[in-house]
Each structure stands twice: as C-alpha cells, then as structure tokens.
Amino acid sequence: MPITGIYGPDDFTGRPQGQTTAPARAAPTQTAPALPMPSLEWTEEVAQATAPLYERVKHVIPAIEWPLMAPTIKAINELKQARGAVILAHNYQAPEIFHCVADIGGDSLQLAVEATKVKAGIIVQCGVHFMAETSKLLNPDKTVLIPDPRAGCSLAASITGADVRLLREKFPGVPVVAYVNTSAEVKAEVDICCTSSNAVQVVESLNAPSVIFLPDRYLATYVASKTDVKIIAWKGACEVHERFTGEELRAYREADPSVQIIAHPECPPDVLAEADFTGSTAHMINWVRERRPRRLVMITECSMADNVRAELPDVEMLRPCNLCPHMKRITLANILDSLLTLREEVTIDPALAARAKRSVERMINLKN
C-alpha cells in the first residue's frame, strides 16, 4: 500500500527551531580509577598472542597493517578482563573491531536483545550514540560507555520528541512506531520501537488501520509495500543508504549479469527494485551464508562487506563503498581509552528512561 502521507519539520507551524533542549542527565559515576597506558609495541609476544585473531581477518586486513593494530587489540582484550567489561559491536564496525575485540556483534535488534543478557558491569558500545542509549535503557544499573560521543546518526538527528508530540496532535489516536535509530527522547514519546528486521511485524502487531512510522522515509516505503496498514511517514533518511541509486546497480548487472545484489531497506525504492534480496543487516548476512554467491554486491555500509568476507572469503565482494562517518568515529584507540579511563559514560534522565525503555522492551518481547 502506498504511504498515505509524509511529514517533516517544515510541515508544522510553530515548531521549535532546531533541536529541543536535551533532557537533564544524571552525573556519570566513576566506578574505578583510570589505569595506566599499556605498552603498544609490536613484539614477538604480541605477534603470538594475536595470531589467532589475525587468522579471522587476514583476507581483509593486509599483513603489513597488522603490527600497527595488534598491540592495541591485545591491550583491549586484556583490559576487558581487568575491568569486567563486554564490548558490543554493530555490523558496520571495521573488521579489527568486529572480529578482534568485540564479544557480541550484530544488527540493532541483536544488540538490543543481547544487551539484556549481559552480566558484565561495564558495556562498551561500538556503534552510534542511539545504540549506546538503548543499551543503557535496558541496563540502567550498568556503566555504558561509548568511545566517541560524537558518533551520531542522520536518522536520529532528523526528529525530536517535540516532533512526535506534534504528529500525535495531527493524527490523534494513531499509534506511533519508532525505528531504533532514534534518541531516547523520541523513544519515550512512541508506542513501540522496531528495527529493519521486524518493522513489518511490529506495524501489524498494533492491529490498527493506520500507523505513524518514523523517522526513515525509505524504510517506511518498504514497510508500506509489505502490509495493508496505512503508513504515515517522516522525512528522515540514512545519509549512507540514500546515496545509492538504481542506475548504479544496473551498471553492475550490465558488467556481469551473474552478479547477485542484496540491499538494506533504508535504500531508496529504485535501489530495492534492482536487488535480488532486501533485508536487515542480519538477514543479509544469513542470505550470504546460505547462498554463497560467487560474486556479490552488498548495498549497505561497506565495512559490513569486509566483515562478511572475513568470514566467507570464497565470496567475491564488488564494493560500492559508502562509509558511515559516524560509525567510523569508533576506533581501536578510543575503545582502549574508554577502558582505561571509563570516560564518555552514557546517562539518561531516569523519568525519561522509564518511558523510553517501555517502547524498546515492547519490541523485544513481541511474539512471532
């Protein structure tokens, strides 16, 4: 069903200009003193200790680069044990993070679910800020760190809690679904969250004739094509996925008609129309594992192609490479600094967190 309407900031008169004031945040607590910087020299001991890790990434990280990364990787893995910490990494993190220091990797839904099972007292979130907020919502008594708090998201930045309230005024009684790529402030104003893995299921679970779906206009368009529920959308978009074009994909097919193309539903409709498969990052990875195509174009953030190739080196990746500048703010160096200093703790006002947590837990607890 076509989207019945799409709205953005310019469609509301009297809307506050710019971002709303951030909610009051509790002061972070220092749970342990800073630790001294370990040696980051490349030695035979480091080489031997990290050799099994290099086996995981040798197809995507040149051997000449490994001595620059390995000492920091070894230090991070030792500090995790000393701090009692766990590292969560999104599929868009670079291979040296995703395969060599992360304890849990996955898409937004997987990380949200796994965050509820974490026993460690400290969580280091290797992803963007809304993911760290989600981990904190689900683990309010744990210390959640983000190595670089500037790691934002164009989708999360496109909408505020005030915008959601204006949408509710315009469409009274219509339930609101928020993509997890939103701030805690927005999550506190909606009925339920979703990811690209379960967006259609979440929309249909509300048993409503119409649903407000925000903030990604392209994911909303994809959901609308899969359901009879009328979708009212927001004008947000992912700055990585919206840059792909159908023309670009057709050029790959013309060059090699046997190539397989898979795409994320945050891409524009003309891109999805050219794809052999559309799905979340987790669904894309599972598709590649099952099909093992000879040559593949993966239309999403390009570090994910590296992570898949590290696992499945027999699949040749043709890489239209759109990097997420926010994901790439997370580096081995600032992960190490997080563990040493416990700085950049994520905190959320408790009253707001209680409301935001309900919308996330409602998604996690949704039964098939």
Go through (1) open to solvent by 10 Å² or more (accessible area, probe 1.4 Å); (2) among the polar types (S, T, N, Q); (3) at pLDDT 95 or above for GLN93 and report which single condition fails. (1)
Which ones in the stretch 309-368 are among the polar types (S, T, N, Q), out of contact with any Lys or Arg (no Cβ under 8 Å at 6 or more places or on another chain) and over 24 Å from TRP287 (Cα atoms)? THR331, ASN334, SER338, THR341, ASN365
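Go over the candidates PRO62, PRO71, PRO52, PRO67 one by one and state the one that is in contact with a Phe, Trp or Tyr (Cβ under 7 Å, 6 or more places away or on another chain), surrounded by fewer than 16 Cβ atoms within 10 Å (Cβ to Cβ), farther than 29 Å from LEU366 by Cβ and at pLDDT 95 or above. First the steps, then the outcome.
On the way: PRO62 fails: in contact with a Phe, Trp or Tyr (Cβ under 7 Å, 6 or more places away or on another chain); PRO71 fails: surrounded by fewer than 16 Cβ atoms within 10 Å (Cβ to Cβ); PRO52 fails: in contact with a Phe, Trp or Tyr (Cβ under 7 Å, 6 or more places away or on another chain).
Checking each option against the conditions leaves just PRO67.
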Read through the list (1) assigned to a helix (DSSP H, G or I); (2) surrounded by 23 or more Cβ atoms within 10 Å (Cβ to Cβ); (3) of a type outside the set (D, E, K, R); (4) modelled with pLDDT of 95 or more, then give the number of the only condition that ALA233 fails. (1)
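Please return the ranges of helices (runs of 4 or more DSSP H) entirely within the stretch 269-368 where 1 or more residues are of a type in the set (Gly, Ala, Ser) and either on the phi < 0 side of the Ramachandran plot or open to solvent by 10 Å² or more (accessible area, probe 1.4 Å) (or both). Walk me through how you get there before you give the answer.
Numbers: elements: 269-272, 281-291, 302-311, 332-341, 350-364.
It comes to 281-291, 302-311, 332-341, 350-364.
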Residue ID - least open to solvent (accessible area, probe 1.4 Å), chosen from residues in the stretch 236-264 that are closer than 24 Å to ILE159 by Cβ and without any contact (Cβ under 8 Å) to a residue 60 or more places away in the chain: ALA263
Tell me yes or no: at least one residue of the stretch 156-179 is open to solvent by less than 20 Å² (accessible area, probe 1.4 Å), polar (S, T, N, Q), touching a residue at least 40 places away in the same chain (Cβ under 8 Å) and closer than 25 Å to GLY279 by Cα. no
Give the residue that is nearest to ALA85 (Cα to Cα), with candidates limited to residues of the stretch 9-38 that are modelled with pLDDT of 90 or more and surrounded by 10 or more Cβ atoms within 10 Å (Cβ to Cβ). LEU35
Per-region count, the stretch 181-194, residues outside any strand (DSSP E or B), open to solvent by less than 10 Å² (accessible area, probe 1.4 Å) and among the β-branched types (Val, Ile, Thr): 2
Can you tell me which condition CYS267 does not meet? The list is (1) out of contact with any helix residue (DSSP H, G or I) (no Cβ under 7 Å at 6 or more places or on another chain); (2) without any contact (Cβ under 8 Å) to a residue 60 or more places away in the chain; (3) within 25 Å of ALA178 (Cα to Cα); (4) not β-branched (Val, Ile, Thr), and all the others hold. (1)
Conditions: (1) polar (S, T, N, Q); (2) within 22 Å of the chain's Cα centre (by Cα); (3) more than 14 Å from GLU242 (Cα to Cα). SER258 meets all but one. Number of the miss? (2)
Residues of the stretch 93-127 being in contact with a helix residue (DSSP H, G or I) (Cβ under 9 Å, 6 or more places away or on another chain), farther than 23 Å from ILE64 by Cβ and of a type in the set (A, V, I, L, M, F, W, C), which ones? ILE104, LEU109, LEU111, ALA112, VAL113, ALA115, VAL118, ALA120, ILE122, ILE123, VAL124, CYS126
Please go through (1) at pLDDT below 95; (2) closer than 22 Å to ALA188 by Cα for ALA120 and return the number of the only condition it doesn't satisfy. (2)
Going through the stretch 132-149 one residue at a time, which ones are touching a helix residue (DSSP H, G or I) at 6+ places or on another chain (Cβ under 6 Å) and not polar (S, T, N, Q)? GLU133, LEU137, LEU138, VAL144, LEU145, ILE146, PRO147, ASP148
Looking at the stretch 119-129, is at least one residue open to solvent by 10 Å² or more (accessible area, probe 1.4 Å) and touching an Asp or Glu at 6+ places or on another chain (Cβ under 7 Å)? no
Here the qualifying pairs (Cβ atoms under 9 Å; residues six or more apart or on different chains; first in the stretch 90-114 and over 12 Å from THR331 (Cα atoms); second open to solvent by 40 Å² or more (accessible area, probe 1.4 Å) and β-branched (Val, Ile, Thr)) come out as GLY106/VAL113; LEU109/ILE364; ALA112/ILE364; VAL113/ILE364
Name the pairs: first residue in the stretch 183-212 and more than 23 Å from HIS90 (Cβ to Cβ), second residue in a helix (DSSP H, G or I), Cβ to Cβ under 7 Å, at least 6 apart or on different chains? GLU189/GLY161; GLU189/VAL164; GLU189/ARG165; ASP191/SER359; VAL203/VAL223; VAL211/VAL203; ILE212/LEU167
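Between ALA224, ALA208, which is open to solvent by less than 10 Å² (accessible area, probe 1.4 Å) and under 27 Å from PRO175 (Cα atoms)? Steps first, please.
Numbers: ALA208 fails: open to solvent by less than 10 Å² (accessible area, probe 1.4 Å).
Result of the check over ALA224, ALA208: ALA224.
The values are calculated or read from the model by the stated rules, or taken from the named source; none is laboratory data. It should be emphasised that the depicted structure is a prediction, and the values quoted were computed from it without experimental measurement. So basically every Cβ, Gly included, is an ideal-geometry build from the backbone, and we count neighbours across all protein chains shown. Just the protein is used for accessible areas: all its heavy atoms, side chains included, with ligands, DNA and RNA removed. Shrake-Rupley method; radii C 1.70, N 1.55, O 1.52, S 1.80 Å.
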